[in-house]
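Q: Got a structure here, written out as structure tokens. Questions coming.
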Amino acid sequence: MKIGIPRALLYYQYYPAWKTFFEELGAEVVVSPHTTQSMITAGSSRVVADTCFPVKVFLGHVIWLADKCDRIFIPAIRSVEPRVYNCSKFLGLPDMTRAVIPEAPPFLEIDIDVNQGKNTLYRAVYSLGRNINQNPLKVKKAGQTAWQSYLDYREYMSRNSVSPPQILEDLTDNNSNAGKNSFLDTEGQKGTIAIIGHPYLIYDEYINHRLIHRLEKAGNKVVTPEMVSSHELKAAVKTVTGGAYWTYEDEVAGAGGYYLENKADGVIGIMAFGCGPDSLMMDMVRRYSAKLGSTPFMSLTLEEHTAEAGVVTRLEAFTDMVYRRKKANSKVCV
Ligand code: SF4
């Protein structure tokens, strides 16, 4: 069985685990290529304009995969932490995708909600796995190996300060360097810039107009949420918001709080047009930045009409301010 995985949304968090699970059970995994304009156009044409940009991108990837695999894996992830919930787009992702892309092959689905208890979770994993292999022991082993590969992936990134694309490119068949971020320490770097936000915005270089590449090329060191330990992110979420309500708050409020506390020279928050959770979380980060008054913060909103020139202009203005402030070593008001 050939299983398609869209290179969008949760791909950046969970691909190593998904690939391990399906391959352990004997399936072949196909990943859609890097985002292109035609994928965005195709995805956007299936939904109303108000739909958030990352979902439109996701749909474009599903359309690309539609005639290239036997099944497409689309999980519905409700909650991965007790009493912390995902945005509604993730909950209804399989149903929404089926409704707007009728030509897609059948989906492999799993409902993840840790609030329902461990037994429900194990049953969900088994019912996903038995689509490929009926042997419960094999499914159990595949689930355990996949979970370990997820833990190893997270641990490796925070310990070695590397980003998802540096690992994911090596795991996919398409080993081109396009979209690969280097995160090298730059000799005589001008500043350390933190980028916070969801991985599907930070690491999709087509939709963010090569943000990381531009910052590195200008002589900056770029740091991202995956380079901080989960423990430190959670502590920072508590400081900034008082406690997590939304899943993936770590990568917005947690990373924002952590890097604003003088661990970077400037912080850039990336958010998507049409995203309710981000508009709340990013505003909390902005308020925290104003309260500290020590590290410059800027937010950038991405959508299908975001112009490259606009991104470049804002980046240049922001980094100029960061360098001037660093030079003068003076306190700024945000
Ligand atoms: S968190 Fe925001 S950007 Fe992400 S899927 Fe939900 S609405 Fe879209």
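The values are calculated or read from the model by the stated rules, or taken from the named source; none is laboratory data. Keep in mind that this is a model prediction, so the values were computed, not measured. Cβ coordinates were reconstructed from backbone atoms using ideal geometry, including for glycine residues, and neighbour counts include every protein chain displayed. With ligands, DNA and RNA removed, areas are computed over all heavy atoms of the protein, side chains included. Shrake-Rupley method; radii C 1.70, N 1.55, O 1.52, S 1.80 Å.
Q: Can you pull out the residues in segment 79-106 that are within 16 Å of the ligand (Cβ to nearest atom) and within 19 Å of V252 (Cβ to Cβ)?
A: Passing the criteria: S79, V80, E81, V84, Y85, N86, C87, S88, K89, F90, L91.
Q: Right, another one. Is segment 136-154 home to any residue that is open to solvent by less than 80 Å² (accessible area, probe 1.4 Å), of a type outside the set (S, T, Y) and not in a helix (DSSP H, G or I)?
A: no
Q: Would you check if T186 is farther than 30 Å from H305 by Cβ and modelled with pLDDT of 90 or more?
A: no
Q: Do you know which residues across segment 21-58 are small (G, A, S), surrounded by fewer than 23 Cβ atoms within 10 Å (Cβ to Cβ) and outside any loop (DSSP other than H, G, I, E, B)?
A: If the condition is that a residue be small (G, A, S), surrounded by fewer than 23 Cβ atoms within 10 Å (Cβ to Cβ) and outside any loop (DSSP other than H, G, I, E, B), then S38, A42, S44 are the ones that fit.
Q: Among the residues of segment 277-290, how many are buried (at least 21 other Cβ atoms within 10 Å of the Cβ) and either under 22 Å from P54 (Cβ atoms) or within 10 Å of the ligand (Cβ to nearest atom) (or both)?
A: Residues meeting the conditions: 5.
Q: Another question, then. I'd like to know if segment 222-231 contains one or more residues that are of a type outside the set (S, T, Y) and under 19 Å from T313 (Cα atoms).
A: Taking every residue of segment 222-231 in turn, at least one turns out to be of a type outside the set (S, T, Y) and under 19 Å from T313 (Cα atoms).
Q: Can you name the residue in segment 104-124 that is in contact (Cβ under 8 Å) with a residue 12 or more places away in the chain and open to solvent by 40 Å² or more (accessible area, probe 1.4 Å) and, of all such residues, is farthest from H231 (Cα to Cα)? Steps first, answer last, please.
A: Narrowing segment 104-124 to residues in contact (Cβ under 8 Å) with a residue 12 or more places away in the chain: 104-115, 122, 124.
Next, from what is left, pick out any that are open to solvent by 40 Å² or more (accessible area, probe 1.4 Å): 106, 109, 111, 114-115, 122.
Working: P106: 38, E109: 30, D111: 26, V114: 19, N115: 21, Y122: 26 Å.
Here the answer is P106.
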